[in-house]
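Working notes, beginning with the structure itself.
We did not get these values from a lab; they are worked out from the coordinates using the rules stated. These numbers come from a predicted model, not from an experiment. FYI the Cβ positions are ideal-geometry reconstructions off the backbone, even for glycines, and counts take in every protein chain you see.
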Amino acid sequence: MILDNVNPEDLFPTEKKGPAILGKMEYPINGIVKTYNAAYIATNERLILNVDMDGQFYYRNIRYDEIENVQLDDDTLTMRFSIGTFPIKNLNKLDAEKFINYINASS
């Protein structure tokens, strides 16, 4: 499963793919926290979250105005939204810096 890319056919006609980050995300389900492979993909219109949940593909579209804060510490990018805080770990720091610069310019 390729998480850090998006099918061009799934983009809006005016949308262009930007940078992506790939890492590990802890996600609570029914009171149990599990770690999954996950990716954030930035486009010029939205943020896409893709997660491999034990072989099940999960995605979420996120508007840029839903992002409240973004913080990078070592190999962890923490994104805070109105619905909660979602850190993604074990990522490439250079990719994360490019990603943050892109979403800061887009929001």
Give the lysines whose C-alpha is closer than 21 Å to that of Lys34, dropping any in the same chain fewer than 8 places away, or say none. Lys24, Lys89
Using only alpha carbon pairs under 8 Å that are at least six residues apart, calculate the relative contact order of the chain and give it in whole percent. 24 percent
Can you compute the charge dipole magnitude of the range 16-107 about its Cα centre, using +1 on each Lys and Arg Cβ and -1 on each Asp and Glu Cβ, nothing else charged? Give it in debye, rounded to the nearest 20. 220 debye
Give me the one-decimal nm value for the distance between modelled label points at Lys24 and Glu68, 7 Å along each residue's Cα-to-Cβ direction. 2.7 nm
Karplus ³J(HN,Hα) for the range 49-59 (6.51 cos²θ - 1.76 cosθ + 1.60, θ = phi - 60°; Hz, whole; x = Gly/Pro) runs 10, 10, 9, 9, 9, 6, x, 9, 7, 10, 9
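Restricting to DSSP H runs of at least four residues, report the calculated mean residue ellipticity at 222 nm for the chain, -39500 (n - 2.57) per run over all residues, nearest 500 deg cm²/dmol.
-4000 deg cm²/dmol
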Which peptide among 34-46, 69-81, 53-65 comes first, and what is the full order, when sorted by highest mean count of other Cβ atoms within 10 Å? 34-46, 69-81, 53-65
